[in-house]
Amino acid sequence: MGSQADRFPGIEWVEGAGDFIKIDTELCDACARCLKVCLADCFEISEKKARVRSLAGCLECASCWFVCERGAIDFNWPPGGKGYKSLWG
């Protein structure tokens with residue numbers, strides 16, 4: 001799969017962004033829309049619910065939140081700023 005730097009050239013990840021995406025399993029129906037839109041492969045389906053696999057490569061685009069028709073995804077930008085830095089501004 002390669003490192004995050006290989007997958008997304010020009011982006012540097014900052015440690016310590018925390019868990020800024022949470023899934024309400026009561027609302028999730030495992031539609032997998034979040035998996036389909038996430039370029040960083042942050043989600044998985046487990047026990048018929050979407051789960052956050054890892055936010056290590058998250059691009060903070062909020063696409064997962066936007067496509068979740070059930071409102072199961074709680075998205076907040078990481079405290080203290082972004083979890084990544086783009087070399088392009």
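The values are calculated or read from the model by the stated rules, or taken from the named source; none is laboratory data. For clarity, every value in this text was computed on a predicted model and none was experimentally measured. Cβ coordinates were reconstructed from backbone atoms using ideal geometry, including for glycine residues, and neighbour counts include every protein chain displayed.
Brief remarks on what is shown
- Selection count, the range 26-70, where residues are of a type in the set (S, T, N, Q) and surrounded by 14 or more Cβ atoms within 10 Å (Cβ to Cβ): 1
- Listing of strands (runs of 3 or more DSSP E) fully contained in the chain that carry 1 or more residues being of a type outside the set (S, T, N, Q) and modelled with pLDDT of 70 or more: 21-23, 43-46, 49-52, 73-75
- The range 47-70 - residue that is small (Gly, Ala, Ser) and in contact with a helix residue (DSSP H, G or I) (Cβ under 9 Å, 6 or more places away or on another chain) and, of those, nearest to residue 27 (Cα to Cα): 50
- Residues in the range 58-74 that are of a type in the set (Gly, Ala, Ser), out of contact with any Ser or Thr (no Cβ under 8 Å at 6 or more places or on another chain) and in contact (Cβ under 8 Å) with a residue 24 or more places away in the chain: 63, 71.
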